[in-house]
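In what follows, a structure is listed as structure tokens, so that the remarks can point back to it.
Where a number appears in this text, it was derived from the coordinates with a stated rule and is not lab data. Since this is a predicted model, take the numbers as computed values, not measurements. Methodologically, a virtual Cβ is constructed for each residue, glycine included, from the backbone with ideal geometry; neighbour enumeration extends over all protein chains shown.
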Number of protein chains: 2
Amino acid sequence: MSKSLIELTPTQTVACCSPLMREPLSAVQAERVAPLLKALADPVRLRLLSLVASHADGEACVCDLNDAFDLSQPTISHHLKVLHDAGLLDRSKRGVWVYYRARNEALSDLAAMIGGAGA
Amino acid sequence: MSKSLIELTPTQTVACCSPLMREPLSAVQAERVAPLLKALADPVRLRLLSLVASHADGEACVCDLNDAFDLSQPTISHHLKVLHDAGLLDRSKRGVWVYYRARNEALSDLAAMIGGAGA
DNA sequence: CTTGAATATCGACATCTGTGAATGTCTTGA
DNA sequence: TCAAGACATTCACAGATGTCGATATTCAAG
């Protein structure tokens, strides 16, 4: 797991719980983490991310994603962009089709910082 | 850990990764999880929650929290209410003072469902 | 080069959200 | 009973967000 979201302090070595509950988040840290949560904090985006992440090859074509919702194509495109801009989805274009892939590292980092360990 | 956020399926027994990446979230599940993330998805609330969670006795007085921010008292009160309504903070009044306590279970449930296991 | 299909971008709109000033509600102490 | 302090609620407002229709962009096929 990468250590990008939170700078590790010496105390970390005696990890007892997630960074969130170990010591107060600095304003800077909070400003860095909040956008990721904001990107996740929407029912449609949660389902989109889950659809992509749980898909066979770990990636999914936008054409498939569009059909899974009762929303317009631009709206789905918008949500995918939000997830991509937040660093939660990777994008790759092959021919006319665009495939998105979940960035598992980003997800587990986020999970670790929220409620990590056994806490 | 409680199992409130996501109903467990038979597949769960062969857990390989978080619910989010194991299989597509249903619309109902997404609608249930999103509000929690929404409550967390704000820099001020992240710091508030972290302040409370990492505080000595696991709880903190509003009077202390107010001083930690350059925001008006009503604004802090509002954010605390959002966290409380989402089920992330417990509230207890003792005398004139109000103490908030982090609901660790809610946090670890959330973490588990986002990026859980080793994924 | 033109057509058609797959995505993205733009413009507009209603709704939601973060914030502060003013005010209300409790509770303690005099 | 009154005054003062701790916290919540209400009101108002600027800015962000989700959505769609229309349009632009990119690519493959013919």
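Data table
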quantity	calculated
Over segment A:28-112 - Rg/Rh using Cα atoms and the Kirkwood inverse-distance radius	0.97
For B:R103, residues with placed amide H under 5 Å, excluding near neighbours	B:L89, B:D90
Average beta-carbon neighbours from other chains, 10 Å sphere, peptide B:73-83	0
Cut-off under 5 Å, modelled amide H: who pairs with B:E59 long-range	none
R0 of 35 Å, Cβ-Cβ distance A:S92-B:A68: FRET efficiency to nearest 0.05	0.20
Other-copy label distances relative to A:R91, 7 angstrom Cα-Cβ extension, nm	4.2
Label point 7 Å beyond Cα along the C-beta direction, distances from B:F69 to other copies (nm, shortest first)	2.9
Cα shape, segment B:13-61, gyration tensor, a/c 1.5 rule	prolate
Inter-chain Cβ neighbour average for residues A:53-64, partner chain, 10 Å	2
Derived scalar couplings ³J(HN,Hα) [segment B:65-82; Karplus, 6.51 cos²θ - 1.76 cosθ + 1.60; whole Hz; x for Gly, Pro]	5, 4, 5, 7, 10, 9, 10, 5, 4, x, 5, 4, 4, 4, 5, 5, 5, 4
Euclidean distance of C-alpha centroids, segment A:62-84 and segment A:15-38, integer Å	29 Å
Inter-label distance for B:A27 and A:T75, nm, one decimal - labels placed 7 Å from Cα along Cα-to-Cβ	1.0 nm
Peptide B:17-28 - average C-beta neighbours from other chains (10 Å radius)	6
